[in-house]
Amino acid sequence: MSSRPDSRGKRVRLSPTERREQLITLGARMLRERALDDISIGEIAEQAGISRGLLFHYFPTKQDFHLAIIQHANAELLERTSPDPKLALFDMLRDSVERYIDYVTENRTSYLALLRGPASASPELVALVDATRMALVDRIIAAAPIPAEDPDRPRLGLAVRGWIAFVEETTLTWLREEPITRESLVDMLVASLPALALNADLAAALRQ
């Protein structure tokens, strides 16, 4: 086990799992202000009170550390945008979109870099980002009032996947330029899903 000082300056021993989580948390915090490639292993190690070499005891390579940070960030995004089941379908959608915009605004540097920077060319990172997209798609489809056997369900999945891409691209542009207000952005993103919905019942439910 390794240790860190507590609030009284005494050393507190951390288990390997606790140390690993500490390093990931520090990396995720740094990711809010920097692109993934700009995260400093030396700074992370210093903040954790360990040597740079010891960090690689927990993560074999820098890429492994980066992947762990992105997994943490993606899980945080999904948690922050989790819909409130007590809301009506349209209100649930709007609430999730608002919290999505808030999250990416707080993490704009990493969001822009991950989707459009050098890191976006990494197959491993692309797979993680795509898994998060699919989790969002599955979440929306699961809330849709359409039976699993409905022939429109596969088309709905395709439409929602396209909507997620639209949300990402529109949000990326908005973060760079902010040509409209946050409220107008949310209105546009929320209204665009019913427009894409190929099932009349879903479109009607979303407009309620």
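The values are calculated or read from the model by the stated rules, or taken from the named source; none is laboratory data. The shown structure was predicted, so the numbers you read here are calculated from the model rather than taken from an experiment. Heads up, the Cβs are rebuilt from the backbone with ideal geometry, glycines too, and the neighbour counts pull from every protein chain shown. Note: areas computed on protein heavy atoms with side chains; ligands, DNA, RNA excluded. Shrake-Rupley method; radii C 1.70, N 1.55, O 1.52, S 1.80 Å.
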Does residue 137 meet the test of being within 15 Å of residue 99 (Cα to Cα), open to solvent by less than 30 Å² (accessible area, probe 1.4 Å) and out of contact with any His (no Cβ under 8 Å at 6 or more places or on another chain)? no
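Can residue 62 be described as over 21 Å from residue 182 (Cα atoms), basic (Lys, Arg) and more than 21 Å from the chain's Cα centre (by Cα)?
On the way: over 21 Å from residue 182 (Cα atoms): yes; basic (Lys, Arg): yes; more than 21 Å from the chain's Cα centre (by Cα): no.
So residue 62 does not fit the description; no.
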